[in-house]
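Heads up, the thing below is written out as structure tokens.
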Number of protein chains: 2
Amino acid sequence: MRAADVGDVTMGSLVAAYGAPQAVEAIRARTLPPEFVAGQARHERPPNLTACLNAWYTRMAAANPAADIEAGQRSGARLIIPGSPEWPTQLDQLGRSRPLGLWVHGNADLRFSCLRSVAVVGARAATSYGSHTAAEFGVGLSESGWTVVSGGAFGVDGAAHKGALAAGAPTVVVLACGVDVCYPSAHEPLFAEIKEKGVLISECPPGVHPTRARFLIRNRLIAALSRGTVVVEAALRSGALNTATHALSLNRHLGAVPGPITSAMSAGCHRLLRERKAVCITSPEDMIDLVGVLGDDLAPQIRAPAVPRDRLNEPTKRVLDAVPSRGGAGPASIAVAAGMSLDATLSALGGLAAAGYIERIPKGWRLRKQTASYRKAPDSTALEPPPAPEPDPAEVPPPPDDFPDPEDVPPA
Amino acid sequence: MRAADVGDVTMGSLVAAYGAPQAVEAIRARTLPPEFVAGQARHERPPNLTACLNAWYTRMAAANPAADIEAGQRSGARLIIPGSPEWPTQLDQLGRSRPLGLWVHGNADLRFSCLRSVAVVGARAATSYGSHTAAEFGVGLSESGWTVVSGGAFGVDGAAHKGALAAGAPTVVVLACGVDVCYPSAHEPLFAEIKEKGVLISECPPGVHPTRARFLIRNRLIAALSRGTVVVEAALRSGALNTATHALSLNRHLGAVPGPITSAMSAGCHRLLRERKAVCITSPEDMIDLVGVLGDDLAPQIRAPAVPRDRLNEPTKRVLDAVPSRGGAGPASIAVAAGMSLDATLSALGGLAAAGYIERIPKGWRLRKQTASYRKAPDSTALEPPPAPEPDPAEVPPPPDDFPDPEDVPPA
């Protein structure tokens, strides 16, 4: 594992074709199997195999696998490889870039934890909005039985892990360094708690420090382990967008949390939404609806609040609209204003009076005080005494297609 | 026009088939043409024609068209009908619900103003974020030569109109009451200024007060007049969503501005995005890109900021990542860490030193101070002294497909 750096696809092909022991033999002998060389040459961008072989040889000479395994065991980590009972088989979809092995540290079972898992990723330099949202998602997903997978970094990653721990659920940290290296070091207490309840994993051998390249390569594991990825906050230039690209290329679900358009930390999310690469996610339920099993994990339909007026039938509403809030009007003029016959108007007026919407005064009919006071914009209340019947376009029920009458819903 | 309330589709069909004078004759005689009755009966939900006719007759008896026209002229408004030079022909797409006529008040030409227009709509009870965004869109759209169409209400509507006026551009207010009625009355100075530079329009005769139904029916005009509608802020129950529905049913473009998921005033926008009914809009340029002419009105591609490191080639970046920030390392150990041959490493080290990225010290090579200090999350700077080469996943350049090298762009 020390011979090639993580994510080396040429090494991945070699090991996939001949197995790790034969690959090691070949590198020691500095001769690759001729069929492999011929196969690699057919690639669109053929790798420089001589350079690869030299690099692998040099690195292998410096490697000490026995010491690595001992260091891992000393720190309490275990090494799993494809075929181990704990190996998450969804990683096989990575093909040639599937990791050769994973170091796992923690009490949870990696494979089992990742069966129903969501990656929550985002900016390290998260705003308070981003951290708050990530924590809410960590709690919400965990409480619904979903494992949070993330990168253990500052900002969104850390907040998501903390949310999961707060809900008492295991969470999976995918590191870009050895599992015995604590990066960032301020997350030492967090990682210690995760080792108790969840797992820290890495494809890097113990003692390896993170590099830029390893962060990018690590991101493919976060995307591949989980059923879907949600980007909570991301600037236009962000590692989280790299994870999002991996999720899309693996045909995993991708969600993005919107934020204020004035926030640079949401610009990456908005671009994903604008390019229709990601689904707009506003709650953990939305994300579960996206990644969950059809029928089982449906998000509850968000309903607009119902007001008593919704229950009136159409002619009655028209009559109610035609009744003045001050003064008073006779049935005939109300009928003209509502565009209805006098009979129908009289019948509606009777019903409205019985329901308490209107009252009879010497001059005719008028609205009762409480029904005339609809919620208004704060400034309008101060500036403007309500004129005639006070209509509030912001509270008008939209067309029936969008907001089915709450009365229509059959009881569950 | 007084006989039927605005948006009466049965009256619309009658006038479309026989013309307004014959329709008036028929109502006066209380007999509809038999072919018309037969045609209406074929509809899926046939209207109650007797009730309609009675209502029209009653209302027509109370109407005084000459007084309406005089009142309009006295207030300074003009009446236009389909066929007038100022009639915006895009309203014809409303079919049976096309208004019979429009009262127009203001110095701008309605038809010309709406040729390139965008409807900016949203909640009356807008947050400061919504008002700010609406004003920015008003200014931005106007400065690019697009007319802002809205409803003149408090909140988003008013802010959008004010933004347009601030940019010195005409703007179109579609009222739900007569053009001589100032609703909301606190907008009197705003409406006065719009009459100077733009227009106020309404399909209601002078003196008519707004009702709930008229607000909803007015919204179809806002959607129909403009090439696209952008919803800035909307609760789940909002008149702006009604305008959005009209825009979709007219096959006009629909955009929605995202906001914090913690804001109830953005929940309606987020639902439009989630259901993929609306495009995510983060700037006036985004909206112009949506509604504009292909090629002419393209939004500038938003680019992530470039950092000098982007310009290095791949092997050089790998070598740079392998150089420690403290201590120092010889070329051989750097070559092993980077997984490259010694020759290639030495050549890259020379280049990096010449470009000022690294420096030679007695113990070998190390990063120069300024290149080691990448931007970090605010908390991380305080908590954690930088370890080894400081990788910053949030600043790592994403894959080339997403962010083409800024150097690749040919000069305009």
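The values are calculated or read from the model by the stated rules, or taken from the named source; none is laboratory data. Source: prediction; values computed, not measured. For neighbour counting, all protein chains shown are included, and Cβ atoms are generated from backbone atoms with ideal geometry for every residue, glycine included.
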For the stretch A:23-34, enumerate the residues that are more than 21 Å from A:SER97 (Cβ to Cβ), assigned to a helix (DSSP H, G or I) and in contact (Cβ under 8 Å) with a residue 12 or more places away in the chain.
A:ARG28
Is it the case that some residue within the stretch A:336-346 is among the hydroxyl-bearing types (Ser, Thr, Tyr), assigned to a helix (DSSP H, G or I), in contact (Cβ under 8 Å) with a residue 24 or more places away in the chain and within 14 Å of chain B (Cβ to nearest Cβ)?
yes
List the helices (runs of 4 or more DSSP H) inside the stretch B:179-297, counting only whole elements, that have at least 2 residues being polar (S, T, N, Q).
B:239-249
Would you confirm whether or not the stretch A:2-18 contains a residue that is farther than 26 Å from A:LEU216 by Cα and without any contact (Cβ under 8 Å) to a residue 12 or more places away in the chain?
no
Given the conditions (1) more than 14 Å from every other protein chain (Cβ to nearest Cβ); (2) assigned to a loop (DSSP other than H, G, I, E, B); (3) touching a Phe, Trp or Tyr at 6+ places or on another chain (Cβ under 7 Å), and given that A:ALA3 satisfies all but one, which numbered condition is not satisfied?
(1)
Given the residues B:ALA77, B:ALA20, B:ALA71, which is the only one that is touching a Pro at 6+ places or on another chain (Cβ under 6 Å), closer than 18 Å to B:GLY101 by Cα, among the aliphatic types (A, V, I, L, M) and more than 14 Å from every other protein chain (Cβ to nearest Cβ)?
B:ALA71
If a residue has to be of a type outside the set (A, V, I, L, M, F, W, C), modelled with pLDDT under 95 and crowded, with 22+ Cβ neighbours inside 10 Å to count, how many in the stretch B:185-208 make the cut?
3
Quick test of your reading of the structure: B:HIS132 fulfils all but one of (1) modelled with pLDDT under 95; (2) surrounded by fewer than 24 Cβ atoms within 10 Å (Cβ to Cβ). Name the failing condition by number.
(1)
Would you confirm, using the coordinates I've provided, whether A:ARG252 is within 23 Å of B:ARG276 (Cβ to Cβ) and either in the same structural domain as A:GLY138 (by TED's automatic domain parsing) or modelled with pLDDT under 95 (or both)?
yes
Residues that are of a type in the set (Gly, Ala, Ser) and either under 13 Å from A:CYS204 (Cα atoms) or in a helix (DSSP H, G or I) (or both), drawn from the stretch A:161-178
A:GLY163, A:ALA164, A:ALA166, A:ALA176, A:GLY178
Here the residues within the stretch A:135-151 that are assigned to a helix (DSSP H, G or I) and in contact with a strand residue (DSSP E or B) (Cβ under 6 Å, 6 or more places away or on another chain) are A:PHE137, A:GLY138, A:LEU141
Options B:VAL121, B:VAL37; residue that is in the same structural domain as B:SER283 (by TED's automatic domain parsing) and not polar (S, T, N, Q)
B:VAL121
Being more than 9 Å from every other protein chain (Cβ to nearest Cβ) and among the β-branched types (Val, Ile, Thr) is the filter here; which residues of the stretch B:241-288 pass it?
B:THR243, B:ILE288
Name the single residue, out of those in the stretch B:198-212 being aliphatic (A, V, I, L, M) and more than 13 Å from chain A (Cβ to nearest Cβ), that is nearest to B:ILE81 (Cα to Cα).
B:ILE201
Can you confirm whether B:ALA247 is buried (at least 24 other Cβ atoms within 10 Å of the Cβ) and touching a residue at least 12 places away in the same chain (Cβ under 8 Å)?
yes
Could you tell me whether the stretch B:143-150 includes any residue that is more than 14 Å from chain A (Cβ to nearest Cβ) and more than 24 Å from the chain's Cα centre (by Cα)?
no
